[in-house]
Amino acid sequence: MIRINYDALSFDEEDEMKFPREDIQDFDRVVERAVSRRGFLGGALAFGSGAAVMGTGLFNGSSAMAQQASRFAFDQLAPQTDGTVHVPDGYKWDVLVRWGDPLFSDAPAFDSATGIPTAGSDRVFGENTDGMELFNLRGTELLVVNSEYVNAGINLPSGQEGKPDSADDVIRLQNFQGVTVMEVAEDDSGWNVVVDSPYNRRIHHRTPMQIDGPAAGHDLLKTAADPAGTQSLGTFNNCGSGRTPWGTYLTCEENFNGYFGTTAELSLDEVHANGFKRYGVSTKVDPGRYNYHGFDERFDISKNPNEPHRAGYIVEIDPWDPEGTPVKHTALGRFKHENAAYALAPNGQVVVYMGDDERGEYMYKWVSRDVYVPGGQTSTLLSEGQLHVAKFNDDGTGVWLALTPEDTGMTEAEIAIFTRMAGTAVSATTMDRPEWIAVNPTAVEGYCCLTNNSRRGALDDDGNVRTNAAGEPMVPNAPNPREVNRYGQIVRWRPHNDDHAASTFDWDLYVMAGNPDVHSEGPYAGTANINAGNMFNSPDGMQFDTTGLLWIQTDGDDDNEGDFLGMGNNQMLAGDPVTGEIRRFLTGPNGSEVTGLTWSADKRTMFVGIQHPGGTFPDGEGSLPRSSIVVVKRNDNALVG
Ligand code: FEO
Ligand code: CA
Ligand code: CA
């Protein structure tokens, strides 16, 4: 069963440790499903021609892409295995900001051995940078950045095995996470954070939040401290990002479950009534990963069983209002939100695509009731509308199923709080961990990284196919065709009528990552746009630039051995949506995940996130590793997006 564990790793990594990969099974059947139809890219390029694929090598190798002019302005970077960042010839990189760097001049100085003390820990840039967006208003540029989680052993080097020893330690960890708003500016010395900008702000695990939408005020959201159930404290495990057409930031609460624990055994009734099992909230008496509940009873579910229901949402922040209260939009559902990618329907309805990053969970789409009018009223656009969940058919079509009381047997508030159960009620398609979704600005289509799934098709000790948290067997299906999926894939859909609000779509796989050196043929070699030069695994972060190039970031196995030989460190690649060509652009230091990407207003700088680096990146010998945002530019200062 899905349940949190407490290693000093990201939750994504913990999942892999907890459910180790198993042997490949039923290879032929997987291949047959993967190639059963033609993709948007054309038969040979995407999936081969369908029949007799085994042994023909159609999953990889040369293709039509070589005959087309490349859209890339750079030569492919080779895989790297060292402790620093690499970019192609003609480009340069520099560190913009590291965990612990000051946002305000009264911030404590970073100590290379002990980090940042609790006093002032909310005055510095947060830990484990993730999704980010840049906002520009009359030349002032604000970078808004998620700090997803902490590595307590690094952030609390004096703590016992990296766990808090006191309420003071808990506050320090809480302050390092959440969201940072900071002004950035470029001068002759490069890019810098504008220390003491009036816009600079830390939003953390105790910052007041407003709750809106169908769950606001519901009994399940009421606590002793908030009997109205409309105001909570903190935003949690802020993973990917999003933005709205009206200029606000969306932060996405992913593995919120890990912050809660219990100091007393719970009854099975309590566990089931609160959805703790489905959402992975630990019901064991255990210090857990963070042990917040050991020092702050708000996080003790034996005392505050409704507190976890107040996390797991999309949260809207106005970056230009340092005093503004962030809003948790329950209408967009409660699950392990990866990111939020918006599109506008032709009539102006606001569409938000979202993934739930857990094995066998689902993809979602919000459609607003009202239309967006620039300069007009926006207050209903993320609270009044309809949430849908994706069902993919084997024939290359799909449907967005509306999560209504009629179809789910749940009230609107229950759908908002127990969204996973609503998805199960309408038989949504179980996916291989939906991570970031990106919407192409130059074509009516969306893309979602399905990062990997070590349990799809795998058998448990009793010989049964492993299930998702709902108990549904995770057998291969058309968009998730591989058992024990080590490498991941990117699914793409085109809404019918060129309308993102449409309830039906066509889909294909843009890429199945693989290793054609280790697997000379078959689905684990990857699709035709994977070759020995551009191999990667576990696509995760993803953004389109304004020219329609797709930038793909990875959070995978970087040991460069076995199935992953030749892939090197985690990395960022660019993909051409038209030809399918994919080319490596940047590599992170070993141990790190590359996540979070945005551009300066003039598109001459990329901001790229380096999360949980190993070694001593970026300060060097003798320093704690520091999650960092790096800036990447062309040497000739030409456009990079
Ligand atoms: Fe926070 Fe699923 O990555
Ligand atoms: Ca991610
Ligand atoms: Ca991941």
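Details
- Top-ranked residue in region 273-302 [being part of a helix (DSSP H, G or I) and among the hydrophobic types (A, V, I, L, M, F, W, C); ranked as surrounded by the fewest Cβ atoms within 10 Å (Cβ to Cβ)]: ALA273
- The selection criterion, being open to solvent by less than 10 Å² (accessible area, probe 1.4 Å) and within 16 Å of ligand 1 (Cβ to nearest atom), holds for PRO539.
- 1 or more residues within 16 Å of ligand 2 (Cβ to nearest atom), within 30 Å of VAL281 (Cβ to Cβ) and not aromatic (Phe, Trp, Tyr): qualifying strands (runs of 3 or more DSSP E) within region 321-418: 337-344, 349-356, 363-371
- Whenever a residue of region 593-608 is away from ligand 3 (no atom under 14 Å from the Cβ), its partners that are among the hydroxyl-bearing types (Ser, Thr, Tyr) and open to solvent by 20 Å² or more (accessible area, probe 1.4 Å), lying with C-beta atoms within less than 7 angstrom and at least six residues away or across chains, give the pairs LYS603/THR546.
- Enumeration of residues in region 364-399 that are touching a Leu at 6+ places or on another chain (Cβ under 9 Å), closer than 27 Å to ASN452 by Cβ and either of a type in the set (A, V, I, L, M) or without any contact (Cβ under 8 Å) to a residue 12 or more places away in the chain (or both): LEU387, VAL389, ALA390
- Residue in region 303-314 that is β-branched (Val, Ile, Thr) and either touching a residue at least 40 places away in the same chain (Cβ under 8 Å) or open to solvent by less than 40 Å² (accessible area, probe 1.4 Å) (or both) present: yes
- Residue count for region 585-641 under the criterion of being outside any loop (DSSP other than H, G, I, E, B), away from ligand 2 (no atom under 16 Å from the Cβ) and small (Gly, Ala, Ser): the result is 1.
- If you go through region 261-290 and pick out every residue that is at pLDDT 95 or above and closer than 19 Å to ARG172 by Cβ, you end up with 1.
- With a requirement of 2 or more residues that are more than 25 Å from SER592 (Cα to Cα), the strands (runs of 3 or more DSSP E) lying completely within region 420-537 that satisfy it span 489-495, 504-512.
- Every condition in (1) open to solvent by 10 Å² or more (accessible area, probe 1.4 Å); (2) part of a loop (DSSP other than H, G, I, E, B) is met by GLU270 except one, and the failing one is (2).
- Candidates TYR259, TYR249, filtered to the one that is away from ligand 3 (no atom under 16 Å from the Cβ) and touching a helix residue (DSSP H, G or I) at 6+ places or on another chain (Cβ under 6 Å): TYR259
The values are calculated or read from the model by the stated rules, or taken from the named source; none is laboratory data. Nothing here was measured: the structure is a model prediction, and the numbers come from that model. Cβ: placed from backbone, ideal geometry, glycine included. Neighbour counts: every protein chain shown. Quick note on the areas: whole protein, heavy atoms, side chains included, nothing else; ligands and nucleic acids left out. Shrake-Rupley method; radii C 1.70, N 1.55, O 1.52, S 1.80 Å.
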